[in-house]
Amino acid sequence: AIERTLSIIKPDAVGKNVIGKIYSRFESNGLKIVAAKMKHLSRQEAEGFYAVHKGRPFFNDLVEFMISGPVMIQVLEGEGAIAKNRELMGATDPKKAAPGTIRADFAESIDANAVHGSDAPETAAVEIAYFFPASEIYSR
Ligand code: CMP
């Protein structure tokens, strides 16, 4: 099925100037960018986005990292977009990410891991709505 997923290029990858290289991987693998914005998240926005992780030991470091610089946020659309994006990203920990994946090629650590991608249809819907009203998504 055609799906949509939320993708974030994190402050480490934005700082390394590899937005275009990451977009190119999306495009050459059948994922279309149907919404996008660059944004420096406030603490409140980052905490709200990652609310499911509140209470986890890495939560504070995660929030600090996500507000350390601007991020690039996009909605990707395509056949099986959620799983496809996760395949392109590779494992959360770049040390475990398969060769040729975005995290293997551009990430430094489990915190500075270059990209975020929704993990399921329900979270994708919530995450997309967190950043984009329907009027800012341009499908086909
Ligand atoms: P992300 O896909 O953005 O979702 C939550 C983030 O928390 C994750 O990527 C990692 O960058 C970060 N994180 C740090 N430590 C852990 C951990 N032990 N398990 C999962 N995520 C972690």
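Ordering 128, 73, 99 by the projection of their Cα atoms onto the charge dipole of the chain, which places +1 on the Cβ of Lys and Arg and -1 on the Cβ of Asp and Glu, puts 99 at the extreme positive end. State whether segment 68-107 is rounded, prolate or oblate according to the following rule on the C-alpha gyration tensor (a ≥ b ≥ c being the square roots of its eigenvalues): a/c under 1.5 gives rounded; otherwise a/b larger than b/c gives prolate, and the remaining case gives oblate. Since a/c reaches 1.5 but b/c is at least a/b, the shape of segment 68-107 is classed as oblate. Over all orientations, segment 1-41 has a Cα convex hull whose mean projected area works out to 3.3 square nanometres. Taking the empirical scaling 2.2 N^0.38 Å for compact globular proteins as reference, segment 76-140 has a Cα radius of gyration ratio of 1.23. Per residue, the average separation of C-alpha pairs within less than 8 Å and at least 6 apart gives the chain a relative contact order of 38 percent. Cβ crowding within 10 Å, taken as a proxy for footprinting-reagent exposure, orders 47, 136 from fewest neighbours to most as 136, 47. Measuring from a point 7 Å past the Cα of residue 126 along Cα-to-C-beta, which residues in segment 22-52 have an amide N at less than 14 Å? Only 47-52 fall inside the zone, counting backbone N under 14 Å.
With the charge dipole of the chain set up from +1 on Lys and Arg Cβ and -1 on Asp and Glu Cβ about the Cα centre, the Cα lying farthest toward the positive end among the listed residues 63, 48, 85 is that of 85. Please identify the chymotrypsin sites (Phe, Trp or Tyr not before Pro) of segment 1-79 that satisfy two criteria: DSSP loop assignment and at most 15 other Cβ atoms within 10 Å. Which are they? Sparse-neighbourhood loop chymotrypsin sites (Phe, Trp or Tyr not before Pro): 58. Overall, the ratio between the Cα radius of gyration of segment 34-92 and 2.2 N^0.38 Å, rounded to two decimals, is 1.28.
Sorted on the mean count of surrounding Cβ atoms within 10 Å across their residues, most packed first, peptides 9-15, 104-110 read 9-15, 104-110.
Subtracting the Cα-Cα distance of residue 134 and residue 54 from 0.36 nm times their residue separation leaves 26.1 nm of extension gain.
Entry for segment 1-118 at q = 0.15, 0.20 Å⁻¹: log10 I(q)/I(0) = -0.63, -1.13, Debye formula applied to identical alpha-carbon scatterers, no solvent contribution. Ordered by the number of other Cβ atoms lying within 10 Å of each residue's own Cβ, fewest first, 5, 92, 101 fall into the sequence 92, 101, 5. Taking other C-beta atoms within 10 angstrom as a stand-in for reagent exposure, 43, 86, 103 fall in the order 43, 86, 103, fewest first. Multiplying the residue separation of residue 39 and residue 119 by 0.36 nm and subtracting their alpha-carbon distance yields 26.6 nm.
For every helix of n ≥ 4 consecutive DSSP H residues, a contribution of -39,500 (n - 2.57) applies; sum these over the chain, divide by its total residues, and give [θ] at 222 nm rounded to the nearest 500 deg cm²/dmol. Value at 222 nm, helices only: -10500 deg cm²/dmol.
Every number here is computed from the coordinates shown, using simple stated rules; none is lab data. Not measured: the values here are computed from a predicted model. As a convention, Cβ positions derive from the backbone with ideal geometry for all residues, glycine included, and neighbour counts pool all protein chains shown.
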